[in-house]
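Trainee: Could you have a look at this structure, given as structure tokens, before my questions?
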Amino acid sequence: MPNDPHALTVTLRVNGEETRFDVDPRTTLLDALRDRLHLTGTKKGCGLGQCGACTVHLDGRRIVSCLTLAVMADGASVTTIEGLGTPDALHPMQEAFVACDAFQCGYCTPGQIMSAVALLQEGHCGSDEEIREHMSGNLCRCGAYANIVDAIRTVAGATDRSGAAVPSREDA
Amino acid sequence: MRAFTYERLDAATGASRRADHPGTTYIAGGTDLLQLMQEGIAHPRALLDVSRVGTTGVTAQLDGIRIGAATRLADVIEDPIVAERLPLVAEALAASASPQVRNMATIGGNLLQKTRCLYFRDVTTPCNKREPGSGCPAQAGQNRLNAVFGGSPHCIATHASDLAVALVALDAEVIVERAGGEKSIRLDDFYRLPGDTPYVETALEPGDLITAVFVPIQATNLPGRYLKVRDRASFEWALVSAAVALVVADGEVVAARVAAGGVGTKPWRLPAVEDRLVGRPMDVQTLQLAAEAAADGADPRPGNAFKVPLLVNAVARALAATADQEANR
Ligand SMILES: Cc1cc2nc3c(=O)[nH]c(=O)nc-3n(C[C@H](O)[C@H](O)[C@H](O)COP(=O)(O)OP(=O)(O)OC[C@H]3O[C@@H](n4cnc5c(N)ncnc54)[C@H](O)[C@@H]3O)c2cc1C
Ligand code: SF4
Ligand code: FES
Ligand code: FES
């Protein structure tokens, strides 16, 4: 938006790479990621914080990117599903989702996986009940919930509580 | 969404003067304000970001516990002082929203979130709170989610915060930065009944910045439970909730704090329940008789009459759970 008098410059570190761009302050972080940075792995469901499809990590914590403005994230680090693994080198959680058949249409999946990886780091995967409670911010219209819990349990069993054994592309 | 300017503030000092202009609004986590802006309910012209302003975190003082307004809900839940000394607050917050929202939402913003009344959230309908004088369709319409206490012919919207219910039970105060100095307001007085001005919701004046919430020492270290009843098991606002904290000595209730959510036009303290507890033996009969007083003064509508027995049962269960906790201390 070069001629917009309200436009502000935002600096973000997205998936390990620093990027700077001008935005209209109305742009949500979700829209900036999808429309300006062309990272369309992050999905838009409700736009009101209710479905979790837009979940990303902001400075290492999971958030819903539809309820924050890009300008509010200025200076922060963002990790999206694109930063987690690649098609030939999947993140263990992505592998587990494939292995456990934890999706049907796949629309909620990037958000589910971003939440699931955060859940490992938060240490809230001691039981299926705990996993379900702490995944409650991610809805799945296809009802793949049982397999999503299977996938998370599989990875949780294979990593320590801090999630330290889970490598991300950023660390590589 | 209408165009607005955005600026991030670094300090509380001077904020209230900056914000004291029509159309200027604070934003913290953004999780309620952005919903309202997306839905065309709020249209600020200038946003002042206060998410990095003031002291965040939880501090134990000699006279009580202070929680910085910009502290994120998730950080309050994880705080060791809160876990040990304010279990009721931790439980109310853990039952609020989703993990993602709790990582964003702040304490100050939580107390100021707008009602979930269906008509308030739908700009195509009238609503006295949103459009003064336009009417209140909830009175005779869909009022399943609305209040049974504190309503008026002009508005029967509930206050949606779980945290506020726990804090009202604990006689918490809101610390406000106002041009000309700092002010402390009891949370119970902070929220206003709708009367004939349902759009006036709090004691805040234009420009006022909330800097902290304070729980006085006598309300800390109490066994207490927050019980939330909702339409689904998690990630939903309360239909009814009950916050309970008790002091018991030699088998007798010495002090009781009871408040309810989902039922009042503000977080609803239940003094009639407290009166039936204090000075009585802590037994099943006392708890049941006390819980029944939760229905006193209820003014239900056809759509929300179910909330009255639900409230009595929720208070009874929260009291019993607190008694268990007390017995196992
Ligand atoms: C999907 C979803 C589910 C939810 N479920 C629940 C639930 O179950 N229980 C519950 O209690 N809440 C729930 N919430 C509400 C949530 O807790 C609030 O949206 C959040 O706490 C608001 O905090 P915030 O920092 O994001 O506020 P913002 O949206 O940034 O601000 C809200 C209001 O507070 C004002 N404000 C913010 N900080 C200050 C300050 N320091 N001084 C003066 N004014 C200030 C702003 O101007 C604005 O008017 C839910 C929200 C979502 C999106
Ligand atoms: S109850 Fe209050 S918020 Fe709901 S429609 Fe009536 S005036 Fe509006
Ligand atoms: S699109 Fe963000 S939560 Fe639904
Ligand atoms: S897989 Fe279709 S919405 Fe979850």
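Trainee: With the checklist (1) more than 13 Å from every other protein chain (Cβ to nearest Cβ); (2) in a strand (DSSP E or B); (3) not basic (Lys, Arg) in hand, flag the one item B:Glu7 doesn't pass.
Mentor: B:Glu7 satisfies all of (1) more than 13 Å from every other protein chain (Cβ to nearest Cβ); (2) in a strand (DSSP E or B); (3) not basic (Lys, Arg) except (1).
Trainee: Would you check if there is a residue in region B:90-99 being on the phi > 0 side of the Ramachandran plot and open to solvent by less than 50 Å² (accessible area, probe 1.4 Å)?
Mentor: There is at least one residue in region B:90-99 that is on the phi > 0 side of the Ramachandran plot and open to solvent by less than 50 Å² (accessible area, probe 1.4 Å).
Trainee: Write out, first by first residue and then by second, each pair whose Cβ atoms fall under 6 Å of each other, whose residues are 6+ apart or on separate chains, and whose first residue, in region A:126-140, is open to solvent by 20 Å² or more (accessible area, probe 1.4 Å) while the second is more than 16 Å from ligand 1 (Cβ to nearest atom) and not acidic (Asp, Glu).
Mentor: A:Asp128/A:Val149; A:Glu130/A:His124; A:His134/A:Leu119; A:His134/A:His124
Trainee: Can you tell me how many residues in region A:45-70 are surrounded by fewer than 23 Cβ atoms within 10 Å (Cβ to Cβ) and within 15 Å of ligand 1 (Cβ to nearest atom)?
Mentor: Total satisfying the criteria: 7.
Trainee: Looking only at region B:275-329, how many residues end up being among the charged types (D, E, K, R), open to solvent by less than 30 Å² (accessible area, probe 1.4 Å) and out of contact with any Pro (no Cβ under 9 Å at 6 or more places or on another chain)?
Mentor: Total meeting the criteria: 0.
Trainee: While we're here: Answer yes or no: is there a residue in region B:64-72 that is within 16 Å of ligand 1 (Cβ to nearest atom) and touching a Leu at 6+ places or on another chain (Cβ under 7 Å).
Mentor: Let us first name the residues in region B:64-72 that are within 16 Å of ligand 1 (Cβ to nearest atom), namely B:66-72.
So of that shortlist, the ones also touching a Leu at 6+ places or on another chain (Cβ under 7 Å) come out as none.
Looking through region B:64-72, none of the residues is within 16 Å of ligand 1 (Cβ to nearest atom) and touching a Leu at 6+ places or on another chain (Cβ under 7 Å).
Trainee: Regarding A:Asp88, is this residue more than 16 Å from ligand 4 (Cβ to nearest atom), open to solvent by 50 Å² or more (accessible area, probe 1.4 Å) and without any contact (Cβ under 8 Å) to a residue 24 or more places away in the chain?
Mentor: Yes; evaluated as a whole, the condition is true for this residue.
Trainee: Also: Given the criteria more than 16 Å from ligand 1 (Cβ to nearest atom), within 11 Å of chain B (Cβ to nearest Cβ) and open to solvent by less than 50 Å² (accessible area, probe 1.4 Å), does A:Ala102 qualify?
Mentor: No: the conditions fail for A:Ala102.
Trainee: Yes or no: region A:6-20 includes at least one residue that is among the acidic types (Asp, Glu), more than 16 Å from ligand 3 (Cβ to nearest atom) and either open to solvent by less than 10 Å² (accessible area, probe 1.4 Å) or in contact (Cβ under 8 Å) with a residue 24 or more places away in the chain (or both).
Mentor: no
Trainee: Could you say whether any residue in region B:150-170 is open to solvent by less than 30 Å² (accessible area, probe 1.4 Å), within 16 Å of ligand 2 (Cβ to nearest atom) and either within 14 Å of chain A (Cβ to nearest Cβ) or acidic (Asp, Glu) (or both)?
Mentor: Here is the first cut: in region B:150-170, the residues open to solvent by less than 30 Å² (accessible area, probe 1.4 Å) are B:150, B:152, B:155-158, B:160-170.
This time we only want the ones that are within 16 Å of ligand 2 (Cβ to nearest atom), so: B:150, B:152, B:155-158, B:160-161.
After this cut, where a residue has to be either within 14 Å of chain A (Cβ to nearest Cβ) or acidic (Asp, Glu) (or both) as well, the list is B:160.
The answer is yes; a qualifying residue exists.
Trainee: Being within 18 Å of the chain's Cα centre (by Cα) and crowded, with 21+ Cβ neighbours inside 10 Å: is that true of B:Leu47 here? Reasoning before the result, please.
Mentor: Details: within 18 Å of the chain's Cα centre (by Cα): no; crowded, with 21+ Cβ neighbours inside 10 Å: yes.
In short, no.
Trainee: Let me ask another. Return the residues of region A:122-138 that are modelled with pLDDT under 95 and touching a His at 6+ places or on another chain (Cβ under 9 Å); say none if nothing qualifies.
Mentor: Across region A:122-138, the qualifying residues are A:His124, A:Cys125.
Trainee: Tally up the residues in region B:178-223 that are in a strand (DSSP E or B) and at pLDDT below 95, please.
Mentor: 3
Trainee: May I pose another question? Which residue out of A:Arg153, A:Arg132 is outside any loop (DSSP other than H, G, I, E, B) and within 14 Å of another protein chain (Cβ to nearest Cβ)?
Mentor: A:Arg132
Trainee: Among what's in region B:100-144 and is within 9 Å of ligand 2 (Cβ to nearest atom) and touching a helix residue (DSSP H, G or I) at 6+ places or on another chain (Cβ under 7 Å), pick the residue that is most open to solvent (accessible area, probe 1.4 Å).
Mentor: Selected residue: B:Lys114.
Trainee: What is the one condition in (1) free of Cβ contacts under 8 Å to residues at least 12 places away in the same chain; (2) crowded, with 16+ Cβ neighbours inside 10 Å that B:Gly14 does not satisfy?
Mentor: (2)
Trainee: Among the residues of region B:74-130, what is the count of those that are under 30 Å from B:Gly195 (Cα atoms), within 13 Å of chain A (Cβ to nearest Cβ) and outside any loop (DSSP other than H, G, I, E, B)?
Mentor: Final tally of qualifying residues: 2.
Trainee: Moving to a separate point now. What pairs can you find where one residue is in region A:53-70 and more than 9 Å from every other protein chain (Cβ to nearest Cβ), the other is at pLDDT below 95 and open to solvent by less than 10 Å² (accessible area, probe 1.4 Å), and their Cβ atoms are less than 9 Å apart, with a gap of 6+ or different chains?
Mentor: Once the first residue is more than 9 Å from every other protein chain (Cβ to nearest Cβ) and sits in region A:53-70, no partner that is at pLDDT below 95 and open to solvent by less than 10 Å² (accessible area, probe 1.4 Å) comes close enough.
Trainee: Can you find a residue that is assigned to a helix (DSSP H, G or I) and either out of contact with any strand residue (DSSP E or B) (no Cβ under 9 Å at 6 or more places or on another chain) or in the same structural domain as A:Pro25 (by TED's automatic domain parsing) (or both) anywhere in region A:106-113?
Mentor: Looking for residues that are assigned to a helix (DSSP H, G or I) and either out of contact with any strand residue (DSSP E or B) (no Cβ under 9 Å at 6 or more places or on another chain) or in the same structural domain as A:Pro25 (by TED's automatic domain parsing) (or both), one finds at least one in region A:106-113, hence yes.
Trainee: A further question follows. Please go through region B:39-50 and give me each residue that is part of a loop (DSSP other than H, G, I, E, B) and under 14 Å from B:Ala69 (Cβ atoms), ordered by number.
Mentor: B:Val50, the sole residue that qualifies.
Trainee: Would you be able to tell me the number of residues in region A:63-74 that are within 11 Å of ligand 3 (Cβ to nearest atom) and not small (Gly, Ala, Ser)?
Mentor: Going through region A:63-74 one residue at a time, the tally reaches 5.
Trainee: Go through region B:10-38 residue by residue and tally those that are assigned to a loop (DSSP other than H, G, I, E, B) and either in contact with a Cys (Cβ under 9 Å, 6 or more places away or on another chain) or more than 24 Å from A:Cys46 (Cα to Cα) (or both).
Mentor: 9
The values are calculated or read from the model by the stated rules, or taken from the named source; none is laboratory data. What you are looking at is a predicted structure, and each value in this text was computed from that prediction instead of being measured. Cβ atoms come from the backbone with ideal geometry, glycine included; neighbour counts cover every protein chain shown. SASA here: full protein model, heavy atoms, side chains in, ligands and nucleic acids out. Shrake-Rupley method; radii C 1.70, N 1.55, O 1.52, S 1.80 Å.
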